[in-house]
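Working notes, beginning with the structure itself.
The values are calculated or read from the model by the stated rules, or taken from the named source; none is laboratory data. All figures in this text were calculated on a predicted structure; none of them were measured in a lab. Ideal geometry is used to build each Cβ from the backbone, glycine not excepted, and the neighbour counts take in all protein chains shown.
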């Protein structure tokens, strides 16, 4: 029964567009992780040295890159397993079975893990192909190539799969707020897990750099401090032979413990999940508020009144309607924090407040472009006239909202950030339109915002970092995004 | 007014959904019947301009609305089988939004929304968020939104699903009223719903139109072929294997079986008056 839940979850998500996007990104990552032999780019550097592209080295760098990417990007693919079961009514069917909450959670965890592991598998194949393509070593060793995936990547993916289950069972983390929290947790977690003293080996980077340094020393080279990440070196790195890290019983034990810990994390929510879900004997699906009691007279036919005038233009009302849809259900707490940021930005001009004001609305922006697909209203809108006018009305609503929420910070801290008020809604509109889910924008925007926080000037859409693009360039980029969104809408309309 | 001409719809890697269907519609209700997978929803979606046909034309007052869908959409009321609502909006807010989407003037929207909510018996719940509505109440919101622009063409797919008997009666009465000057295309699995609202019935099977005509003509197809008899419970399987059984009722003296057959299936069989379910099953089985 557990395996059936796991396989159903795996098959369901494997056929979703988000799976293909993350998988393609993983394959692309495999390509980038093993740059051309003469390239100045490298993912692992020890004082200007890197390993020869043999199976051990290509497998290890791809496995590490995969672990890092899949625990962020992959999480967003698997984090809706329980919500999906609830939305489709599958959970109600399971209620009528003998399945226990713990079994259901383990099955969901395994399904998540299979999704992520299949992506890691694609990355392993990419690594093998890249080894042959780079041709520094043509001796393909499956064991050397796959060992780092098994020992480094899969345990980390197990933890990711388990945390996705945990996130879905904690009330505050189920929605978009959980995505934001995950982004922060994943960033901090990845930094901590790269430490040599990370528990149970962390990501395995400590083990890797130790092994690389040992190999260099044995070959008469002087290893310096190791660095992992995409780096551009002044000179192309020099190579040395590395045949893999030692697989010891201690290492295997640590990684097995990490995977078992993931299982515990996945099953832990059974303690409270039973009270929240219908998977219990006394539970049941959420009930709708009953309608007003009817007497027989209320069911008598009422005359249908004919006549309805068409308006010359409904654009202003469309904008109002789209704004209402955008902001419906936003909590008072959200508004309270937004108000505090707004008022503070008026009195205390600062870069920190500017960035905070432009990070806080991410969950609202991420509703743009969904066009009712998240709640099924698209079925009604499909037969409505003027789809492009509706798109533009939604964009205007997004721009007005952005200007209202971030306006104080723009005026007081960075007047050149006005273009950001065009850029962010345009980006959200396009990503929501293409993906049909809010998660893509949430993940990409937070990454972009994080880059601005870390002063990556060329990605600065807010004018918060010296040397960034001009407001006109940002406005032009916004126009391109809006034009793309319009083209997507028009094309879909034609291909309907 | 509305013409569906030689429509064909193919989906990738699936059997043909709609196969060379032609229907010409004037004011009145067309009841569309057919088993699951017969192509009813595909045909409804094409008629509502939601999906393009692979081949064929949809003409509204002579205009090709496959190429120019907005001509029909401005005066179309469409209720799909499955739809959702914005759960945090009230019925009034949701209908106001859709009124703007459909291009209705502000004055008309203000007048029609309360009227329509009264019509579908939702006035008392008009200011409650839709997230708290029951399935039947949401279906009634769907009916109200379909009528917002006082459409000339109404396409409704399974509109009575989830409605209680009183509301079904109310909706059927409304449809009869609307049919006086509007084209109404009504798809349903509830065969008995059609008897009370229309005399014009189309039956689809395997994507093809297998019947279009009056109820009498439909019933005429099985005249003299409907029989009733009482058999022992053990004999039911044998009867089902040899004939199209349209009804089974367990009684104290055995099982009362209603059967379609060109000749009496048993010496004890008595002729019965055909009804729409007999005629429908006779066509699609």
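Here's the yes/no breakdown for (1) in contact (Cβ under 8 Å) with a residue 12 or more places away in the chain; (2) outside any helix (DSSP H, G or I); (3) crowded, with 22+ Cβ neighbours inside 10 Å:
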{"position": "B:113", "(1), (2), (3)": "yes, no, yes"}
{"position": "B:118", "(1), (2), (3)": "no, no, no"}
{"position": "B:124", "(1), (2), (3)": "no, no, no"}
{"position": "B:127", "(1), (2), (3)": "yes, yes, no"}
{"position": "B:131", "(1), (2), (3)": "yes, no, no"}
{"position": "B:144", "(1), (2), (3)": "yes, no, yes"}
{"position": "B:154", "(1), (2), (3)": "yes, yes, yes"}
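Just checking, does region B:168-179 include any residue being within 30 Å of residue B:106 (Cβ to Cβ), more than 9 Å from chain A (Cβ to nearest Cβ) and in contact (Cβ under 8 Å) with a residue 60 or more places away in the chain?
Within region B:168-179 (the criterion being within 30 Å of residue B:106 (Cβ to Cβ), more than 9 Å from chain A (Cβ to nearest Cβ) and in contact (Cβ under 8 Å) with a residue 60 or more places away in the chain), the answer is yes, since at least one residue qualifies.
Tally up the residues in region A:322-356 that are closer than 30 Å to residue B:100 by Cβ, buried (at least 17 other Cβ atoms within 10 Å of the Cβ) and more than 14 Å from chain B (Cβ to nearest Cβ), please.
Total satisfying the criteria: 2.
Mind counting the residues in region B:57-81 that are in contact with a strand residue (DSSP E or B) (Cβ under 6 Å, 6 or more places away or on another chain) and over 25 Å from residue B:159 (Cβ atoms)?
2
Identify the single condition in (1) within 7 Å of chain A (Cβ to nearest Cβ); (2) farther than 30 Å from residue A:327 by Cβ; (3) surrounded by fewer than 19 Cβ atoms within 10 Å (Cβ to Cβ); (4) out of contact with any helix residue (DSSP H, G or I) (no Cβ under 6 Å at 6 or more places or on another chain) that residue B:165 does not satisfy, given that it satisfies every other one.
Failed condition: (1).
Kindly state which helices (runs of 4 or more DSSP H) lie completely within region A:368-469 and contain at least 2 residues that are crowded, with 20+ Cβ neighbours inside 10 Å and more than 14 Å from chain B (Cβ to nearest Cβ). Give the derivation first.
Values: elements: A:378-381, A:387-413, A:418-435, A:439-453.
Helices (runs of 4 or more DSSP H) meeting the threshold: A:387-413, A:418-435, A:439-453.
Would you please name the residue that is farthest from the chain's Cα centre (by Cα), looking only at residues in region B:15-42 that are within 14 Å of chain A (Cβ to nearest Cβ) and assigned to a helix (DSSP H, G or I)?
The selected residue is B:42.
Within region B:168-196, can you find the residues that are under 11 Å from the mean Cα position of the chain (by Cα), surrounded by 17 or more Cβ atoms within 10 Å (Cβ to Cβ) and assigned to a loop (DSSP other than H, G, I, E, B)?
B:188, the sole residue that qualifies.
Quick check on region A:167-175. Is at least one of its residues over 26 Å from residue A:437 (Cα atoms) and over 15 Å from the mean Cα position of the chain (by Cα)? So that I can check it myself, show each step before the final result.
We begin by selecting, within region A:167-175, every residue over 26 Å from residue A:437 (Cα atoms); these are none.
Within region A:167-175, none of the residues are over 26 Å from residue A:437 (Cα atoms) and over 15 Å from the mean Cα position of the chain (by Cα).
Anything in region B:86-95 that is facing chain A (nearest Cβ under 7 Å) and either closer than 17 Å to residue A:305 by Cβ or part of a helix (DSSP H, G or I) (or both)? List them, or say none. First the steps, then the outcome.
Start the filter on region B:86-95 by keeping residues that are facing chain A (nearest Cβ under 7 Å), which leaves B:86-89, B:93.
Once the filter is applied, which keeps residues that are facing chain A (nearest Cβ under 7 Å) and either closer than 17 Å to residue A:305 by Cβ or part of a helix (DSSP H, G or I) (or both), region B:86-95 yields only B:93.
Where residues in region B:228-245 are at pLDDT 90 or above and not in a helix (DSSP H, G or I), which of them is farthest from the chain's Cα centre (by Cα)?
B:232
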